[in-house]
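Report on the structure given below.
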Amino acid sequence: MVKRYVWFAAALLVQIGILAALPLGREDSGRRIWLSAKVTNLRDVMRGSGILLDYNVARLRVRQKRGETVYLTLSMQADSTWTVNRTSREKPQELSAGNVLIRGKSARRHMPVHVLLRKKSTGEWKADSVATGHAEKPFGALGKDEAVAWASIWQEFVDFGISYCDVPERQRARIIEDIRKHPDEFAALVQIDPEGRASLLGFRIRDREYEF
């Protein structure tokens, strides 16, 4: 009986040693980059949900069937975020120095379209400006002779599997305040492995960073 426990303990120690020798998680492989994004569900975040993200680089530039793999070649911009150089169905064999490859699946979603209407002196309403995307007040405060009409259209995009992240409760109020003040200065910290798979590590709003 004693021998059996000794062998069991030895086997367990060997397994622990093997696990300790393995690279642990996303910290050990891949490259970290910043991707510009917008929060599409601020009202839900205020009610206690996580954040939904719409990435600038996710706009699909090639025609594909839903669910097909898409490869995007990215390069860094002056503000440290990355933009798309090339979109392809096949994985590029080589990358230029400084470029990064990210992959995802083609998908479709409804995109809100807002139209700013202005009332003419004749009493007729005329379309003035158009804004797409999720925004609480896409045209800011409205005048007495202004109104907003909206609809939705289908949009093709690339799903990288990193469109949702939780919000730490102790930081929720500050995050909401930052998003409201700087909605166009949001960027996600993403790690991309050598095969182009992405994982979400955190985000920044203007100069404030939040890592998970």
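The values are calculated or read from the model by the stated rules, or taken from the named source; none is laboratory data. Owing to the predicted nature of the structure, the values given are computational and were not obtained by experimental measurement. Accessible surface areas use protein heavy atoms only, side chains included; no ligands, DNA or RNA. Shrake-Rupley method; radii C 1.70, N 1.55, O 1.52, S 1.80 Å.
One chain, two ends: K105 and A149. Fully extended at 0.36 nm per residue, the span grows by 12.6 nm beyond their Cα-Cα distance.
What length, rounded to one decimal in nm, is gained on full extension from R63 through to K119, with 0.36 nm per residue of separation minus their alpha-carbon distance?
Here the answer is 16.2 nm.
Annotation: L42 carries an accessible surface of approximately 20 Å², with a 1.4 Å probe and no ligand, DNA or RNA atoms counted.
Straight-line cross-link reach from K65 at under 16 Å between alpha-carbon atoms covers these aspartates and glutamates, not counting any fewer than eight positions away in the same chain: E90, E156, D159.
With a 1.4 Å probe rolled over the protein heavy atoms of all chains, the accessible area of M46, M76 falls in the order M76, M46, largest first.
Suppose the chain between K181 and A78 were pulled fully straight at 0.36 nm per residue; how much longer would it get relative to their current alpha carbon spacing?
On the way: separation 103, 0.36 × 103 = 37.08 nm, distance 2.24 nm.
My answer for the length gained is 34.8 nm.
Ignoring lysines fewer than eight residues from K137 along the same chain, the ones with Cα atoms less than 25 angstrom from its Cα are K38, K119, K120, K126, K181.
Compute the relative contact order of segment 126-212 as a whole-number percentage, counting only Cα pairs closer than 8 Å that sit 6 or more residues apart in sequence. All intermediate terms of the calculation are to be shown ahead of the outcome.
Details: 54 pairs, mean separation 16.5, N = 87.
With pairs under 8 Å counted, the relative contact order is 19 percent.
Taking the centroid of alpha carbons for each part, segment 137-155 and segment 160-189 are 24 Å apart.
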